[in-house]
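Undergrad: To start, I am sharing the structure in question, which I have written as structure tokens.
The values are calculated or read from the model by the stated rules, or taken from the named source; none is laboratory data. As the structure is a prediction and not an experimental result, all values here were calculated from the model. Using ideal geometry, Cβ is built from the backbone for each residue, glycine included, and neighbour counts are taken over all protein chains shown.
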Amino acid sequence: MFAITPNTLSTFLNSISKYIVLLMILLLGFSAILIILLENDYYQGVSFKILFIHVPAAWLSLLIFSTMGISSIIGLVFKSPTSFTISRAISPIGLIMSIIVLVTGSIWGNLTWGTYWVWDARLTSMLILSFIYLGHILLLYSFDHFQKADFAASILAIIGLVNLPIVKFSVDWWTTLHQGSTVFRVGGPSITSDYLITLLVSFFALFLLCIYWFSNIFYIIIENRKIERSKLLNQ
Amino acid sequence: MRIIKLNNQIKKRFIFLIIIFVCFSSSIVLISYSLKDQIAYFVSPSELYQMKDLDDRYLRVGGLVKEGSLKFENNIWKFEIIDEENKSIKVEFSKTLPNLVEENKGIIVEGRILKENLFIAEIVLAKHDENYMPQSAIDKMQEDGIWRGN
Amino acid sequence: MTSLEFVFLSYGFFSFVCAVTTIIIMLLKKKVFNRSSAHYQAQQSD
């Protein structure tokens, strides 16, 4: 990450892009078949099938934020342009994932809890996470020079890292309407293996979709900068 | 492998970031610790009985619906909420219940205490747990005699 | 609405968001591609 320039990363991502797309389509189809074939939950019935978008999207929104925070730290400490560009390219994807989490979660909540939205700790901290994503994107595009924007947005991303353990452990620390963790919990997953396999397959499909988006956004940012630089040099 | 030289500039920036992070995280920890009771979404019946000045206070109580207590009489739902310490409270609710409210399953009620041990709910929410399994898995566990649930 | 319709609604929302994002990214990529080819052509003709 210190020796890699944005250009080499962009070329590398472009070279593996078609394999990622192929694998992603395979996994998406596979997970769709698995989700359709799965038996309903004994208690929640068919509405539990929202889990297979809600949970992968939630994991990804946390994973993307931690990636963003860590690459912001590396970018600020080592002045690495690649790290800054990674967090710039990744944050819209995180915003989309957190919006998917909130919308599918409130549809699920309407079906099971009987309400679209409550202000409990998990839901509120997730909403704050999506606002931090939004603020990060707004900060990135509110400066004339992208280096200044990267600096400001990175500080926000690092401060926002505090929110991650709150989102993850809010269901353990406080009483919430939201149920506890199913997979990453003390004492092993409380979910049968066929559900767990489907969940992991759909997570990897969504993960590859994010990688695909990321490589394209990264390419767009790099190419735009190249054109700008070349224009400046020609003047 | 390329060894990164930690020169003074890098060290300084790293320490600067750590100070920012520690300041913010400790402030968040302090805020959430002092607001612990406000952040909690509901109280259990045993916590409810320890609270003072309950007159007309709007609050949420959560627990399991006691087995054999869910009844529908005179257009009013009546049930009892029980917690792990076997303390329970009677609840009355006059609107439609969410689909997933069942005996021995989680529930949260929002409303006021009318008198000793009677809670008038204005909103009822079903709280499901984090266990997911198909009916066939339950049947199989019951056959094998390892089913511990309800 | 029945439960199944709500499940379809959430899957539909998910597919819609993913499709829109992919289309926007593709359009931006095409735009930047056109921009760079126009720019480098102009440079060569100078």
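Undergrad: If you go through region B:112-150 one residue at a time, how many are out of contact with any Lys or Arg (no Cβ under 8 Å at 6 or more places or on another chain), of a type in the set (Gly, Ala, Ser) and surrounded by 17 or more Cβ atoms within 10 Å (Cβ to Cβ)?
TA: 2
Undergrad: Could you tell me whether any residue of region B:106-120 is over 13 Å from residue B:60 (Cβ atoms) and within 12 Å of chain A (Cβ to nearest Cβ)?
TA: No; the residues of region B:106-120 include none that is over 13 Å from residue B:60 (Cβ atoms) and within 12 Å of chain A (Cβ to nearest Cβ).
Undergrad: Answer yes or no: is there a residue in region A:163-171 that is of a type in the set (Phe, Trp, Tyr) and touching a helix residue (DSSP H, G or I) at 6+ places or on another chain (Cβ under 9 Å).
TA: So the first thing to find is which residues in region A:163-171 are of a type in the set (Phe, Trp, Tyr), and the list is A:169.
Restricting the remaining residues to those that are touching a helix residue (DSSP H, G or I) at 6+ places or on another chain (Cβ under 9 Å) gives none.
No, that holds for no residue.
Undergrad: Quick check on residue A:132: is it more than 11 Å from chain B (Cβ to nearest Cβ), touching a helix residue (DSSP H, G or I) at 6+ places or on another chain (Cβ under 9 Å), under 23 Å from residue B:32 (Cβ atoms) and in contact (Cβ under 8 Å) with a residue 24 or more places away in the chain? Spell out the reasoning first.
TA: Details: more than 11 Å from chain B (Cβ to nearest Cβ): yes; touching a helix residue (DSSP H, G or I) at 6+ places or on another chain (Cβ under 9 Å): yes; under 23 Å from residue B:32 (Cβ atoms): yes; in contact (Cβ under 8 Å) with a residue 24 or more places away in the chain: yes.
The answer is yes for residue A:132.
Undergrad: Scan region B:67-110 for residues that are among the acidic types (Asp, Glu) and either part of a loop (DSSP other than H, G, I, E, B) or under 19 Å from residue A:177 (Cα atoms) (or both) and jot them down.
TA: If we filter region B:67-110 for residues that are among the acidic types (Asp, Glu), which is where we start, we get B:67, B:73, B:80, B:83-85, B:92, B:102-103, B:110.
Selection gives B:67, B:80, B:83, B:84, B:85, B:102, B:103, B:110.
Undergrad: On to the next question. Only residues that are among the aliphatic types (A, V, I, L, M), assigned to a helix (DSSP H, G or I) and touching a residue at least 24 places away in the same chain (Cβ under 8 Å): list them for region B:27-62, please.
TA: At the first step, the residues of region B:27-62 found to be among the aliphatic types (A, V, I, L, M) are B:28-31, B:35, B:39-40, B:43, B:48, B:51, B:54, B:59, B:61.
With assigned to a helix (DSSP H, G or I) added as a condition, the list becomes B:28-31, B:39, B:48.
The answer is B:48, and nothing else.
Undergrad: Also, quick follow-up: Does residue B:24 fit the bill of being at pLDDT 90 or above and either within 9 Å of chain A (Cβ to nearest Cβ) or part of a loop (DSSP other than H, G, I, E, B) (or both)?
TA: Numbers: at pLDDT 90 or above: yes; either within 9 Å of chain A (Cβ to nearest Cβ) or part of a loop (DSSP other than H, G, I, E, B) (or both): yes.
Criteria met by residue B:24.
Undergrad: Take residue A:62 and tell me if it is touching a residue at least 60 places away in the same chain (Cβ under 8 Å) and within 13 Å of chain B (Cβ to nearest Cβ).
TA: When the stated conditions are applied, residue A:62 does not pass them.
Undergrad: If you don't mind, there's one more thing I want to ask. Restrict the check to region A:17-24 and report whether at least one residue is within 14 Å of chain B (Cβ to nearest Cβ) and touching a residue at least 40 places away in the same chain (Cβ under 8 Å). Walk me through how you get there before you give the answer.
TA: Here is the first cut: in region A:17-24, the ones within 14 Å of chain B (Cβ to nearest Cβ) are none.
No, every residue in region A:17-24 fails to be within 14 Å of chain B (Cβ to nearest Cβ) and touching a residue at least 40 places away in the same chain (Cβ under 8 Å).
Undergrad: Can I ask one more? Might you let me know whether region A:31-40 holds any residue that is within 20 Å of the chain's Cα centre (by Cα), under 23 Å from residue C:20 (Cβ atoms), facing another protein chain (nearest Cβ under 10 Å) and part of a helix (DSSP H, G or I)?
TA: First pass over region A:31-40, keeping only residues within 20 Å of the chain's Cα centre (by Cα): A:31.
Keeping just the survivors that are under 23 Å from residue C:20 (Cβ atoms) gives A:31.
From the residues that got through so far, the ones that are facing another protein chain (nearest Cβ under 10 Å) too are none.
No: region A:31-40 contains no residue that is within 20 Å of the chain's Cα centre (by Cα), under 23 Å from residue C:20 (Cβ atoms), facing another protein chain (nearest Cβ under 10 Å) and part of a helix (DSSP H, G or I).
Undergrad: Let me ask another. Pairs, please: C-beta under 6 Å, at least 6 apart or cross-chain, first residue facing chain B (nearest Cβ under 7 Å) and in region A:177-199, second surrounded by fewer than 16 Cβ atoms within 10 Å (Cβ to Cβ)?
TA: Taking only residues 6 or more apart or on different chains, the pairs are A:179/B:129; A:179/B:130; A:180/B:130; A:182/B:130; A:190/B:130.
Undergrad: Looking at region A:48-55, can you tell me whether even one residue there is more than 13 Å from chain B (Cβ to nearest Cβ), within 24 Å of residue A:168 (Cα to Cα) and either touching a residue at least 60 places away in the same chain (Cβ under 8 Å) or crowded, with 19+ Cβ neighbours inside 10 Å (or both)? Full working, then the answer.
TA: Filtering region A:48-55 down to residues more than 13 Å from chain B (Cβ to nearest Cβ) leaves A:53.
From what is left, the residues that are within 24 Å of residue A:168 (Cα to Cα) are A:53.
This time we only want the ones that are either touching a residue at least 60 places away in the same chain (Cβ under 8 Å) or crowded, with 19+ Cβ neighbours inside 10 Å (or both), so: A:53.
Yes; the residues of region A:48-55 include at least one that is more than 13 Å from chain B (Cβ to nearest Cβ), within 24 Å of residue A:168 (Cα to Cα) and either touching a residue at least 60 places away in the same chain (Cβ under 8 Å) or crowded, with 19+ Cβ neighbours inside 10 Å (or both).
Undergrad: Quick test for you: out of A:226, A:168, A:148, pick the one residue that is farther than 22 Å from residue A:82 by Cβ, charged (D, E, K, R) and either within 8 Å of another protein chain (Cβ to nearest Cβ) or out of contact with any Lys or Arg (no Cβ under 7 Å at 6 or more places or on another chain) (or both). Even if it seems obvious, please write down each step before you answer.
TA: Details: A:226 fails: farther than 22 Å from residue A:82 by Cβ; A:148 fails: farther than 22 Å from residue A:82 by Cβ.
Just one listed residue meets the conditions, A:168.
Undergrad: Got a number for residues in region B:99-109 being modelled with pLDDT of 85 or more and either among the aromatic types (Phe, Trp, Tyr) or surrounded by fewer than 19 Cβ atoms within 10 Å (Cβ to Cβ) (or both)?
TA: Total satisfying the criteria: 4.
Undergrad: Determine if region C:17-39 includes at least one residue that is within 7 Å of another protein chain (Cβ to nearest Cβ), in a helix (DSSP H, G or I), among the small types (Gly, Ala, Ser) and within 25 Å of residue A:21 (Cα to Cα).
TA: Yes: one or more hits.
Undergrad: Hey, could you check region B:40-66 for residues that are aromatic (Phe, Trp, Tyr) and more than 13 Å from chain A (Cβ to nearest Cβ) and say which is farthest from residue A:177 (Cα to Cα)?
TA: Of region B:40-66, the ones aromatic (Phe, Trp, Tyr) are B:41-42, B:49, B:58.
Those still in the list that are more than 13 Å from chain A (Cβ to nearest Cβ) too: B:49, B:58.
Numbers: B:49: 21, B:58: 17 Å.
Of everything passing the filter in region B:40-66, B:49 is farthest from residue A:177 (Cα to Cα).
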